[in-house]
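**Student:** Dropping a structure here in structure tokens format, bear with me for questions.
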Amino acid sequence: MSSSKNSDQVFEYQRLKRILQIIEERENVIKQQSSKIKEEVVEFRKNFWDDITINLEELDDVIETQESIKQQSNVLAQKERHYGKNYQQIKQLQRLKNQPYFGRVDFKEEADNEENQIYIGTSSLMDEEGLDFYIYDWRAPISSIYYDYAPGPVQYETDEELVKGEMTLKRQFVIRQGKMKGIFDTAVTIVDELLQESLSQSANASMKSIVATIQQEQNRIIRHQGSKILVVQGAAGSGKTAAALQRIAYLLYHHRSSLQANQVLLLSPNDIFTSYISNVLPELGEEPVNQQTFYDFLVKGIESNLIVETPFEQMEQLLIREDKQQKENTVKYFTSIQFMKDIQSYLSFLNYNDLQFRHIRFRNELLISNEEINAYFHELPKAMRLSNKIEKIQLWLLQKIKVLQEKEIAANWVQDQMELLKKEDYMKAYHEAEAEEEESSIQDEELILRKRIVRKAFAPLIQNIKLNRFVHTLRMYRELFNQWAPVDRKSEWKTYSKYVLNDLHQNKLPWEHAVAYRFFKGEIIGHDADQPTRLIVIDEAQDYTPFQFAYLQHVYPYGRMTLLGDINQSIYSYTTTDNPIQEKADSKDIERIVLTKSYRSTKPITDFTTFFAPSNEGISAFDRQGPLPTVIQLPAQSNYKNALWEIIEGKKKEGHETIAVICKSMRECEKYKELLEDDEEINLIRSNTKTYQKGVVFVPVYLAKGIEFDAVIVPDASEHNYNTENERYLLYTACTRAMHDLTLVFMDKPSPFIKEIPKEKYSFRTILERN
Ligand SMILES: Nc1ncnc2c1ncn2[C@@H]1O[C@H](COP(=O)(O)OP(=O)(O)OP(=O)(O)O)[C@@H](O)[C@H]1O
């Protein structure tokens, strides 16, 4: 080892020691401060009223009393805020103690002689005076040169300017639990060894942050600021999800004052995926964002007595039903923008004709009939917009209810309720009533209590009116199929409507109608999407239909969107055309980034899957070696159970910790699980499974979306199981879940997709019958 290299290493070891010391000291100081603040807060709360003189005699005294209470509250709130901030800082320092930084670049700005050493970590650390950085946050503008360049001329952008200069050194550190494990100087963009090390590890039940090894093209996604919609088309395993999470952390950091975690909506494909990625943002020191499946997002706004089909149930149906082609054609129409437009035509038709209203009842008595509401609706000017008409009706109803409420005060049931009040309730209600009453002299206690009881009883009714629930949107939606038809689709309307009417009749809503019904309902009674949402991130966006995507744009007209997907993994066949992920020349709002390099799988696996990828343009493998995928033939009539066991056991012996048997459907999974006689060690992942553990899992491909396993076994890659174009997408998605090892089993004839792969790209064997 050269002496300069040696002294460099000594320098880095010493620096690490010094930084860890600084972190430790800082943590201790803050901890001490915190316990002091805690004591103060407890004390302050105890003595809150001692420092306030309560005097309510004159108006001036009352104002003064109020003022001093306000001041005390402010002092307390300030202390509590300080405590909260300290708590966050301690957590941040503890994270830094484990790995203070992972990179260093030496940078000399143009026309500046001084060279700066920039150490980069998950958060920044400054000196006491707050002048110099010991560590730069990976999201700081200058940190981007670490991800984007090799040593040489570099540049980066700040809010104000473009800074140019030279990078003279680029160094990576492997620091774990505060111990230096490795130092690499690198000439390439990001050193491969580290990435190799990170990718060679076993699959985990939760995703890791990739902050130390972000690749240049991923960095573009993370730091993208321009267009309103960012679309990322990325090969399987190219780091779309990883980059999206880093992007959220990046945007939260850069827009602290205008973007909070609760303003970010992250839509994920299933619950397992939601839990799989839930660690990443907290690991990066950010609050978790609003993360949910699109199903949960939609179902929230649908009547609870309707059972909404899940996308997975729909998929199972489309895979197994006899009339699947016909059903698929109707699904294609109902998920199209055309259907959205047809709904709009139907709404304008309704506006000039009849809406359906609900009776308004109170204590089982009819207060306002639907005919009465309809008559009022027809009195309104024809040309008025539907939403304005609904608003008018709402006001009219509230006024009518107010009058009826007044009348109700004298009713006998109110007397009955008063008698039922317990003494304490009576007193409480009375005091509350007293406080609410504007006039201070209260003459009629009974009247106040009566009013209060009536108001309470009417509250849910009034709330429902305010939410426009007097409009019977579900009945109108049914009539869309029963009583109406788009002018140019009259002939096929009956066929289209057959399925949905049948389902609605049984209080079921097919998945393709979930978004359509939400849209329909929202257009009439108002859309209730969370208002503060400003950034919408959609993972697995290739599985969104044009209608679903248009709906999100409709309810979040000011929201920025990041869509991540892979057209090769479109598991719902009806989403492959007009998908938002696909290249569109027309829109100025959309910027598209394509990721081609696949990091998840070994090179042999990526090479193998690329041969039958629906579109194999632009997929390249990260050079990580591993065994060739194996294709196994089972002779007809063989003992399938023994063979499958043998394969699974083999994978366990090879040391794989997460082994997934990925099936085409849940039905297929259940078949194998049954075959293996409910072995305790084997878990079946269902649509309501929230997390998974290491070990052997059986999972249908649509629930394996977005996640990864050490070893993947496709248990029936026979011709009869994977044959159609739609099944090509499913097989591709299943195989690309494998990180280190892939096995496909077939009986009789292999899937035609296997035949597309050159023989040297996999090893082939036959399991011979032993019994
Ligand atoms: N720059 C990187 N450094 C370290 N690991 C990475 C990097 N990029 C991707 N990976 C790893 O590669 C794997 C695949 O990443 P990710 O799940 O984000 O890909 P994806 O494009 O969303 O995949 P898919 O579409 O197939 O679900 C993950 O284990 C991720 O941690």
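The values are calculated or read from the model by the stated rules, or taken from the named source; none is laboratory data. Quick caveat, the model's predicted, so the values are computed rather than measured. FYI the Cβ positions are ideal-geometry reconstructions off the backbone, even for glycines, and counts take in every protein chain you see. Just so you know, the surface numbers come from the protein's heavy atoms only, side chains and all, with ligands and any DNA or RNA stripped out. Shrake-Rupley method; radii C 1.70, N 1.55, O 1.52, S 1.80 Å.
**Student:** When you scan the stretch 462-484, do you find a residue that is open to solvent by 20 Å² or more (accessible area, probe 1.4 Å), in contact (Cβ under 8 Å) with a residue 40 or more places away in the chain and more than 26 Å from ARG361 (Cβ to Cβ), even just one?
**Tutor:** Our first condition is that a residue be open to solvent by 20 Å² or more (accessible area, probe 1.4 Å); within the stretch 462-484, this holds for 462-464, 466-467, 469, 472, 475, 478-479, 482-484.
Filter once more, keeping what is in contact (Cβ under 8 Å) with a residue 40 or more places away in the chain: 462, 466-467, 469, 472, 475, 479, 484.
Add one more test, that the residue is more than 26 Å from ARG361 (Cβ to Cβ), and what stays is 484.
Scanning the stretch 462-484 turns up at least one residue that is open to solvent by 20 Å² or more (accessible area, probe 1.4 Å), in contact (Cβ under 8 Å) with a residue 40 or more places away in the chain and more than 26 Å from ARG361 (Cβ to Cβ).
**Student:** From the residues in the stretch 703-726 that are of a type in the set (Asp, Glu) and at pLDDT 90 or above, which one is farthest from the ligand (Cβ to nearest atom)?
**Tutor:** GLU719
**Student:** Something else now. State which residue is modelled with the highest pLDDT when the search covers only the stretch 557-569 and only residues that are closer than 25 Å to SER258 by Cβ and open to solvent by 10 Å² or more (accessible area, probe 1.4 Å).
**Tutor:** Selected residue: ARG560.
**Student:** Tally time: how many residues in the stretch 720-755 are under 25 Å from GLU328 (Cβ atoms), among the acidic types (Asp, Glu) and open to solvent by 60 Å² or more (accessible area, probe 1.4 Å)?
**Tutor:** Residues flagged as under 25 Å from GLU328 (Cβ atoms), among the acidic types (Asp, Glu) and open to solvent by 60 Å² or more (accessible area, probe 1.4 Å) within the stretch 720-755 amount to 1.
**Student:** Would you mind listing the strands (runs of 3 or more DSSP E) fully within the stretch 186-296 where at least 2 residues are more than 9 Å from the ligand (Cβ to nearest atom) and open to solvent by less than 20 Å² (accessible area, probe 1.4 Å)?
**Tutor:** 229-234, 264-268
**Student:** Right, something else. Does GLU446 satisfy being among the charged types (D, E, K, R), at pLDDT below 65, over 30 Å from ILE390 (Cβ atoms) and in contact with a helix residue (DSSP H, G or I) (Cβ under 9 Å, 6 or more places away or on another chain)?
**Tutor:** No; evaluated as a whole, the condition is false for this residue.
**Student:** Which of (1) under 30 Å from the mean Cα position of the chain (by Cα); (2) over 28 Å from ASN6 (Cα atoms) does LEU194 not meet, given it meets every other one?
**Tutor:** For LEU194, the failing item is (2).
**Student:** So, one more: Would you be able to tell me the number of residues in the stretch 621-656 that are in contact (Cβ under 8 Å) with a residue 60 or more places away in the chain and either closer than 25 Å to SER570 by Cβ or of a type in the set (Asp, Glu) (or both)?
**Tutor:** The qualifying residues number 6.
**Student:** Within the stretch 132-184, track down each residue that is among the aliphatic types (A, V, I, L, M) and open to solvent by 60 Å² or more (accessible area, probe 1.4 Å). Before you say what the answer is, go through the steps one by one.
**Tutor:** First, pick out the residues of the stretch 132-184 that are among the aliphatic types (A, V, I, L, M): 135, 140, 142, 145, 150, 154, 162-163, 167, 169, 174-175, 180, 183.
Answer for the stretch 132-184, where residues must be among the aliphatic types (A, V, I, L, M) and open to solvent by 60 Å² or more (accessible area, probe 1.4 Å): just LEU162.
**Student:** Can you name the strands (runs of 3 or more DSSP E) wholly within the stretch 577-672 that have at least 1 residues being among the hydroxyl-bearing types (Ser, Thr, Tyr)?
**Tutor:** 630-634, 658-663
**Student:** More than 16 Å from the ligand (Cβ to nearest atom) and either among the aromatic types (Phe, Trp, Tyr) or surrounded by fewer than 21 Cβ atoms within 10 Å (Cβ to Cβ) (or both), is that true of PRO758?
**Tutor:** For PRO758, the condition - more than 16 Å from the ligand (Cβ to nearest atom) and either among the aromatic types (Phe, Trp, Tyr) or surrounded by fewer than 21 Cβ atoms within 10 Å (Cβ to Cβ) (or both) - is met.
**Student:** Please determine, by comparing only the residues of the stretch 486-545 that are free of Cβ contacts under 8 Å to residues at least 60 places away in the same chain and touching a Phe, Trp or Tyr at 6+ places or on another chain (Cβ under 6 Å), which one is surrounded by the fewest Cβ atoms within 10 Å (Cβ to Cβ).
**Tutor:** Result: LEU501.
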